1. Being part of a loop (DSSP other than H, G, I, E, B), open to solvent by 30 Å² or more (accessible area, probe 1.4 Å) and more than 12 Å from the ligand (Cβ to nearest atom) is the filter here; which residues of the range 1-34 pass it?
2. May I ask you to list the residues in the range 110-141 that are part of a helix (DSSP H, G or I) and either in contact with a Gly (Cβ under 8 Å, 6 or more places away or on another chain) or of a type in the set (A, V, I, L, M, F, W, C) (or both)?
3. Anything in the range 288-307 that is free of Cβ contacts under 8 Å to residues at least 40 places away in the same chain and closer than 16 Å to Val327 by Cβ? List them, or say none.
4. Looking only at residues that are surrounded by 24 or more Cβ atoms within 10 Å (Cβ to Cβ) and within 16 Å of the ligand (Cβ to nearest atom) in the range 104-118, which one is nearest to Leu67 (Cα to Cα)?
5. How about the range 289-321: which of its residues are open to solvent by less than 40 Å² (accessible area, probe 1.4 Å), more than 19 Å from Asp333 (Cβ to Cβ) and not polar (S, T, N, Q)?
6. For the range 367-404, give me each residue that is within 14 Å of Cys319 (Cβ to Cβ), touching a strand residue (DSSP E or B) at 6+ places or on another chain (Cβ under 8 Å) and away from the ligand (no atom under 13 Å from the Cβ).
7. Pairs please, first residue from the range 59-82 and within 16 Å of the ligand (Cβ to nearest atom), second anywhere and of a type in the set (Gly, Ala, Ser) and open to solvent by 10 Å² or more (accessible area, probe 1.4 Å), Cβ atoms under 6 Å, 6+ apart in sequence or on different chains.
8. Given the structure, is Ala121 of a type in the set (Gly, Ala, Ser) and either over 25 Å from Ser285 (Cα atoms) or within 14 Å of the ligand (Cβ to nearest atom) (or both)?
Amino acid sequence: MDRALPPSQTDSLREAALEVLRKNDLGDWTKPAPRLYPHQWSWDSALIAMGLVHTDPGRAMRELETLFAAQWSDGRVPHIVFNPRTGDYFPGADWWASTRTSSLAPVEPATSGLIQPPVHALALSRIFDGARAQHLHALESRIHDVFPRFLAWHRYLVECRDAAGSGLLTIYHPWESGTDNSPRWDSCLARLEVGQMPAYQRHDLKHVEDPAERPTHREYDRYLWLVHLLKQASYSDEVIQRDFPFQIRDVLMSAIFAAANHCLAHIGEAIGRPSSELEELRTWSDRFRRGVEGAWDDELQLALDWDAGIEQPVRVQTCAGLSPLIVPDLSSDVRDAVMASLSGPRFAGAAGLAYAVVPSTAPDSPGFHARSYWRGPTWPVANWLLWWGMLRHGSEQQAEAIRVANLELLQQPQAQFAEYFDPFTAEPLGSRDQSWTASIALDWLAFRER
Ligand code: 9WN
């Protein structure tokens, strides 16, 4: 039984979460949301697999296999895989023009040319451990088959997104971070001069009640201008890195990558991959751990992104600053400092919060907005990542507090597995029936049974 909620409530929350995943299931992959996001998104799929594993590990594996079937020949896993049968998303496949623009892109399916945070090996590791424990040999053999693709993805990130060996991955677009309109990107986007590009029409605003919940038109112009420039560079890392105006070393992505290498090494060892590969993965994990630890800012008591355009840290206070918690083998003093920031008055301990969960941006800090997407609302998925990390660092009591507070938020009758929530009123915002919200609810509910 779960300590957070009485059994009748956990049962109905679980049933409702399963229903969301069933409704968004298109057979081999899952829509992130019924209408707002009708294609396959990279990090959504991995986090969806984290929930599916509790009911159907084979289907969880299929989610990852479908995504990795769209991998580019240089190893990158695209942030969106387009489904020709489900339209109505902008920018769609034509706008990205991946196959026409780069010989590295698959001919089919059409994809975007960006990436997203590399959470995939966390999901693969969960599927693997389950398969081993339950003697699911066919599933283990599928993990064997897909392993080289995962390794190629990690190698792409190391070689193309951290060619300088900084221990931090460089992103070229706010969408790559997964935290699209976070104040993390404001100062860099403010320097961007938007040139001539074709007129466009947004579709996202049709699917939310209040446009303030989504990025502004000014932000969208910048997002699309960056895509235009990326296409001009043929999505080539070498060309992009010469003088691209948005190059930020992303601390959250790098923390996830440190953990992902650790997970992939764990699987690789268990399935007997060559020791040279295991050594590489462990070295990468260590390199990105050091990169994230090195991004720690003593004054803000948070880890900060690095803006390579001006060679300065990005001094904002967002949940990404807590990402050292996701890194394996974190030194105990950094861990204690991050935990203090997480539970303190800028995040889960902020005055007036409806539930003691982590908001995406610290209330009272510049750029905060309670209802706008990644500028303040609490995202259960971001809380899940921090919870996952806290457990690994032995911060069990604090991890449990975050799990319980999130489950209480999600079991409100109006919550409907929303994409994000106003941290003060707990009002659901963005899409409803968001797959990864349902999926991590399943994982949180199953936690006490594991
Ligand atoms: C752009 C699908 C995705 C998530 C991102 C989230 C949002 C897309 C959008 O939705 O981004 O990629 O159109 O706003 O920010 O994290 O993967 O759920």
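1. Listed by number, the residues that qualify are Met1, Arg3, Pro6, Leu26, Gly27, Asp28.
2. Ala121, Leu122, Ala123, Leu124, Ile127, Phe128, Ala131, Ala133, Ala138, Leu139
3. Listed by number, the residues that qualify are Asp297, Leu302.
4. Thr111
5. Asp305, Asp307, Ala308, Val314, Val316, Cys319, Ala320
6. Gly367, Phe368, Gly376, Thr378
7. Close Cβ pairs satisfying both conditions: Phe82/Ala93; Phe82/Ala110.
8. In short, no.
The values are calculated or read from the model by the stated rules, or taken from the named source; none is laboratory data. Source: prediction; values computed, not measured. Counting neighbours? That spans all protein chains shown, and the Cβs are built from the backbone with ideal geometry, glycine included. These accessible areas exclude ligands, DNA and RNA; they are computed on the full protein's heavy atoms, side chains included. Shrake-Rupley method; radii C 1.70, N 1.55, O 1.52, S 1.80 Å.
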